[in-house]
Amino acid sequence: MAINFPDSPSVDDTYTVSGVTWTFDGTSWVASQPYAQGPTGPTGPTGPTGPTGTFAGNLIQEYTASQNSQLSDANKTIEMNVASDNTYTIMANGTVAFPVGTTIDVVQTGAGQTTIVADTGVTLLSKDSLLKISARYAGVTIYKRATNTWLVIGDLSA
């Protein structure tokens, strides 16, 4: 069935024919009242199953003495539960090759003050060059930003 639209319409003029309202958009007539919706089509095939994830293991690692970083510390929280002053040393990339972007959270849970230390060839960057965790239950995040460059951010003191 051909529709005989009005001549010389203005923008937003409407015309209804056979229960459908058409609106002139300045160039053409557009159906502004939807047609009746048909039935839902059949369900498509199921997609492939994605890879199975694996649990990374314990996300908290406790140390009771000074410690050198190791690959298993990556993206974990390290609790330094040491009674006396202690260190957590970030090892050089040639010894422990963490990927760039790795983070390690270090929390001082013992009474001894924890200091973040750089292995030979490692650069640690921090505000005011501070590298000691300020107090018991305070912590820092250590972020690897380049091959042997790490950023230390958090609750640090002199």
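The values are calculated or read from the model by the stated rules, or taken from the named source; none is laboratory data. Note that the structure is predicted; figures quoted are calculated from it, not measured. Here Cβ is always computed from backbone atoms with ideal geometry, including for glycine, and neighbour counts include all displayed protein chains. For the accessible areas, the whole protein counts, side chains as well, though only heavy atoms, and no ligand, DNA or RNA atoms are used. Shrake-Rupley method; radii C 1.70, N 1.55, O 1.52, S 1.80 Å.
Just for segment 25-39: of the residues that are more than 14 Å from Asp13 (Cβ to Cβ) and of a type outside the set (Gly, Ala, Ser), which one is modelled with the highest pLDDT?
The residue in question is Pro39.
Looking only at segment 27-44, decide whether some residue is touching a residue at least 24 places away in the same chain (Cβ under 8 Å) and open to solvent by less than 40 Å² (accessible area, probe 1.4 Å).
Among the residues of segment 27-44, not one is touching a residue at least 24 places away in the same chain (Cβ under 8 Å) and open to solvent by less than 40 Å² (accessible area, probe 1.4 Å), which makes the answer no.
Tally up the residues in segment 94-103 that are surrounded by 11 or more Cβ atoms within 10 Å (Cβ to Cβ), in a loop (DSSP other than H, G, I, E, B) and either of a type in the set (Asp, Glu) or touching a Lys or Arg at 6+ places or on another chain (Cβ under 9 Å) (or both), please.
Residues that pass the stated criteria total 3.
Against the conditions (1) open to solvent by 40 Å² or more (accessible area, probe 1.4 Å); (2) assigned to a strand (DSSP E or B); (3) within 14 Å of Ile153 (Cα to Cα), where does Gln61 fall short? Just the number, please.
The number of the failed condition is (3).
Can you tell me which condition Leu71 does not meet? The list is (1) surrounded by fewer than 12 Cβ atoms within 10 Å (Cβ to Cβ); (2) at positive phi, and all the others hold.
Leu71 satisfies every listed condition except (2).
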